1. For the stretch 266-280, give me the residue count where each residue is under 14 Å from the mean Cα position of the chain (by Cα) and not in a loop (DSSP other than H, G, I, E, B).
2. Please work out if Val129 is among the aliphatic types (A, V, I, L, M), over 19 Å from the mean Cα position of the chain (by Cα) and open to solvent by less than 20 Å² (accessible area, probe 1.4 Å).
3. Give just the number: which of (1) assigned to a loop (DSSP other than H, G, I, E, B); (2) touching a residue at least 24 places away in the same chain (Cβ under 8 Å) does Met124 not satisfy?
4. Please state which one of Leu288, Leu311 is more than 28 Å from Pro27 (Cβ to Cβ), among the hydrophobic types (A, V, I, L, M, F, W, C) and not in a strand (DSSP E or B).
5. How many residues does the stretch 112-126 contain that are touching a Cys at 6+ places or on another chain (Cβ under 7 Å) and either more than 24 Å from Asn244 (Cβ to Cβ) or open to solvent by 30 Å² or more (accessible area, probe 1.4 Å) (or both)?
6. Keeping to the stretch 132-142, report how many residues are outside any loop (DSSP other than H, G, I, E, B) and without any contact (Cβ under 8 Å) to a residue 40 or more places away in the chain.
7. Which residues, taken from the stretch 291-306, are in a helix (DSSP H, G or I) and touching a helix residue (DSSP H, G or I) at 6+ places or on another chain (Cβ under 9 Å)?
8. Applying the selection to the stretch 266-275, what residues are open to solvent by less than 10 Å² (accessible area, probe 1.4 Å) and of a type outside the set (Gly, Ala, Ser)?
Amino acid sequence: MKTEASTQDATVPGTASLPQLSHARNPGVPLDMDWVRAAQANTSAIERRVKSLPGRRSVKKEFQAAWLLKAITLIDLTTLSGDDTADRVRRLCAKARQPVRADLLDQLGVGPIHTGAVCVYHDMIETAVAALEGTGIPVAAVSTGFPAGLSPFHLRVAEIGESVKAGAEEIDIVISRRHVLSGNWQALYDEMRSFREACGEAHVKAILATGELETLRNVARASLVCMMAGADFIKTSTGKEPVNATLPVSLVMIRAIRDYHQRTGHRVGYKPAGGISKAKDALVYLSLIKDELGNRWLQPDLFRFGASSLLGDIERQLEHHITGQYSAGYRHAMG
């Protein structure tokens with residue numbers, strides 16, 4: 001990422017709509033326990049690898065602006081609060097449609113862009129779908145007893161069906177952490193398979209809640225099992241755990257995705273969520289994806305940030321790139 005050639009591929013096209021790339025969905029494979037048991041995680045090596053990233057992978061000036069614009073197109077703009085209202089969701093959708101002030105885009109020479117999706121609770125799906133009509137921006141809904149995933153199983157499956165019926169094109173499900181902690185990989189596979197089937201044509205993101213899985217080895221094995229069961233994405237966190245997305249966890253999950261792709265030919269997406277609020281952090285995650293998975297994964301059909309405050313900081317950094325001055329945060333509100 002230090003050279004022009006390595007950063008140009010991140011530039012966002014100056015067109016009215018972003019290119020909608022797609023790939024064959026991951027159909028899943030039979031549960032392979034030999035493969036699962038063989039998955040390990042060398043914690044010290046993983047920590048050394050990610051510790052070196054911020055210092056040796058950096059971009060400056062116009063290339064940094066290009067990467068930050070790319071990051072915006074990969075954000076699942078999210079509101080998951082108990083006090084969510086229809087008006088708040090409409091404002092969030094307006095921000096998803098126009099995430100950067102038009103005057104800033106004009107000065108950057110870039111056409112309109114939008115975020116990767118809007119993520120809400122089930123009750124807000126219809127409001128979000130109506131607010132995003134005609135934009136091509138999908139609505140994602142959290143499901144299956146989010147965030148704990150401890151409601152009765154039949155209700156979790158039914159919740160998926162209701163969200164799909166309401167118009168959600170993506171479903172972010174939460175797995176039962178107890179299956180991972182007890183090593184019951186068959187139960188996790190069967191659960192994930194049922195969730196995938198309930199989603200139908202809607203893409204399913206499996207939230208591992210990595211902060212509650214105790215070890216990186218558990219993260220690696222849970223990632224593989226969910227992909228074997230047909231997950232379209234694997235996602236770090238609900239954003240409600242004490243520890244959410246981290247670089248060590250991300251490296252483990254990304255390498256599981258790479259391993260799965262190499263063995264099966266099926267691509268699975270990745271979504272870090274929770275705690276990613278600074279533009280500089282987004283750049284580090286993008287560089288990690290580029291290094292480990294390649295440019296194809298730097299597209300919204302294979303990579304998303306689960307975030308809201310991240311967008312405000314990116315917009316602020318873009319204004320600094322243009323003017324040389326940092327503006328107040330209130331000038332980059334979410335709605």
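The values are calculated or read from the model by the stated rules, or taken from the named source; none is laboratory data. Since the model is a prediction, treat every value here as computed from it, not as a measurement. Methodologically, a virtual Cβ is constructed for each residue, glycine included, from the backbone with ideal geometry; neighbour enumeration extends over all protein chains shown. Keep in mind that these areas ignore ligands, DNA and RNA; they rest on the heavy atoms of the full protein, side chains included. Shrake-Rupley method; radii C 1.70, N 1.55, O 1.52, S 1.80 Å.
1. Counting residues in the stretch 266-280 that are under 14 Å from the mean Cα position of the chain (by Cα) and not in a loop (DSSP other than H, G, I, E, B) gives 4.
2. Taking the combined requirement at face value, the residue does not satisfy it.
3. The number of the failed condition is (1).
4. Leu311
5. Of the residues in the stretch 112-126, 0 are touching a Cys at 6+ places or on another chain (Cβ under 7 Å) and either more than 24 Å from Asn244 (Cβ to Cβ) or open to solvent by 30 Å² or more (accessible area, probe 1.4 Å) (or both).
6. 2
7. Selection gives Asp291, Glu292, Asn295, Trp297.
8. Val268, Tyr270, Lys271, Pro272 - these are the residues of the stretch 266-275 that are open to solvent by less than 10 Å² (accessible area, probe 1.4 Å) and of a type outside the set (Gly, Ala, Ser).
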